[in-house]
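Colleague: This is the structure I want to talk about, given as structure tokens.
Coordinate-derived values only; no laboratory data. Keep in mind that what you see is a predicted model, and the values were worked out from it rather than measured. No Cβ is skipped: glycine too gets one built from the backbone with ideal geometry, and neighbour counts run over all protein chains shown.
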Amino acid sequence: MAIESWLMDMDGVLVHEAEALPGAAEFLAALRERELPFLLLTNNSIYTRRDLAARLRASGLDVPEEFIWTSASATARFLETQRPEGTAFVVGESGISTQLYQAGYTLTDRDPDYVILGETRTYSFERITQAIRLIGEGARFIATNPDPTGPSPAGPLPATGSVAALITKATGVEPYFVGKPNPLMMRTALNRLEAHSETTAMIGDRMDTDIVAGLEAGMETILVLSGVTTRAETERFPYRPSRIVDSVADLIDTL
């Protein structure tokens, strides 16, 4: 079936270390010209959607915040449906705390309904310890995404998945991960676009998050080699993307 809607990751697909990748601006322009709905999906929960729109703009990519969907956005939407106007203790930054406030949540360190683990470049041992104690006292454990590392100019940084493993080791409690590859994030994105999975494609640079998430949600999947995955590495996985291309520039003529 013809692809009518597009979901795509950001890092490795459109940008790399605050620089737009070749063909990214032209691909986004082609989507707008053909009036094809699209949404940018990211497991990054550090920044608000407005922050990310500003960072993309600084990279030369004009993407309004309503075209961005983060793991923090999906987490807040999930909690809003599960336990409206609940309470949470957050380990993270403004990306997740802002979304929770907008969802009607109260942030507290006293008997919270949930401990929410998001991403930050400066994880506090004190707050991690507090999270461990609150989970031990009965708070439910949610993490925005399972990514073990994140990129930085100096090299990989420990990310949400690694810190979640630390907390699990200390408490014996596994978190519920909301972000990719959880199909929940994909379904909320499809709902925002009012799109159907059979006519939607997911573009990503990671087999273990982007591609498997799109596959399990019933979408066409396109792996771009402009990020962290090489063509040879795709052979290690028991599943394959629908297509492999060098970059989004290769997709412009297929729209």
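Colleague: Expressed in nm to one decimal, what extension gain is obtained for the pair ILE3 and GLU216 from 0.36 nm per residue of sequence separation less their Cα-Cα distance?
Modeller: Additional length available on full extension: 75.0 nm.
Colleague: Same structure, new question: Per the Debye formula with a single identical scatterer at each Cα and no solvent contribution, what log10 I(q)/I(0) holds for segment 73-177 at q = 0.10, 0.12, 0.19, 0.23 Å⁻¹?
Modeller: Debye curve over Cα of segment 73-177, log10 I(q)/I(0) at q = 0.10, 0.12, 0.19, 0.23 Å⁻¹: -0.25, -0.35, -0.89, -1.28.
Colleague: Could you work out how far apart the two model spin labels at THR234 and ARG34 are, taking each label as a point 7 Å from the Cα in the direction of the beta carbon, and quote it in nm?
Modeller: 1.9
Colleague: Now, a different point. Separation between the ALA18 and GLU137 pseudo-spin-labels, each 7 Å from Cα along Cα→Cβ, expressed in nm?
Modeller: In this crude label model, ALA18 to GLU137 measures out at 4.0 nm.
Colleague: Quick query: amide H of ARG140 versus all other amide H atoms, modeled in the peptide plane; which residues come in under 5 Å with a sequence gap of 5 or more or a different chain?
Modeller: Residues meeting the criterion, in which the H sits 1.01 Å from N, are TYR114, VAL115.
Colleague: Using the Cβ atoms and a cut-off under 13 Å, what net charge is assigned to the surroundings of ARG140, where Lys and Arg are +1 and Asp and Glu are -1?
Modeller: Spelling it out: positives minus negatives among the neighbours equals -3.
Colleague: Hey, another quick one. Counting Lys +1, Arg +1, Asp -1, Glu -1, what net charge surrounds SER94 among other residues with beta carbon under 12 Å of its beta carbon?
Modeller: Taking every other residue near SER94 into account, the sum is -1.
Colleague: Let me ask something else about it. Using Cα atoms only, what is the angle between the long axis of helix 71-82 and the major principal axis of the chain, expressed in degrees (0 to 90) to the nearest 10?
Modeller: 60
Colleague: Around GLY118, under 13 Å between beta carbons, what's the net of Lys plus Arg minus Asp minus Glu among the other residues? Please list the in-between numbers first.
Modeller: Details: positive: ARG121, ARG127; negative: GLU93, GLU119, ASP147.
Summing Lys/Arg as +1 and Asp/Glu as -1 gives -1.
Colleague: Exposed loop sites here are GluC sites (Glu not before Pro) in DSSP loop states with at most 16 other C-beta atoms within 10 Å. What is the longest stretch of the chain lacking them?
Modeller: No qualifying site falls inside 195-255, the longest such stretch.
Colleague: Obtain the nm distance between the two label points defined at ASP253 and THR149 by a simple spin-label model: each point lies 7 Å from its Cα along the Cα-to-C-beta direction.
Modeller: Label at ASP253, label at THR149, 3.6 nm between them.
Colleague: Still on this structure, please answer the following. Please work out the C-alpha center-to-center distance from segment 169-202 to segment 1-23 and express it in whole Å.
Modeller: The two parts, judged by their Cα centres, are 18 Å apart.
Colleague: Give, in nm to one decimal, the length gained when the segment between ALA54 and GLN102 is fully stretched (0.36 nm per residue of separation minus the Cα-Cα distance).
Modeller: 15.3 nm
Colleague: With no solvent and one point per C-alpha, what does the Debye sum give as log10 I(q)/I(0) for segment 168-212 at q = 0.24, 0.26, 0.30, 0.32 Å⁻¹?
Modeller: -0.89, -0.98, -1.12, -1.17
Colleague: Sticking with this structure for a sec: Evaluate the relative contact order of the chain (contact order divided by residue number), counting alpha-carbon pairs under 8 angstrom at least 6 apart; express in whole percent.
Modeller: This gives 21 percent for the chain.
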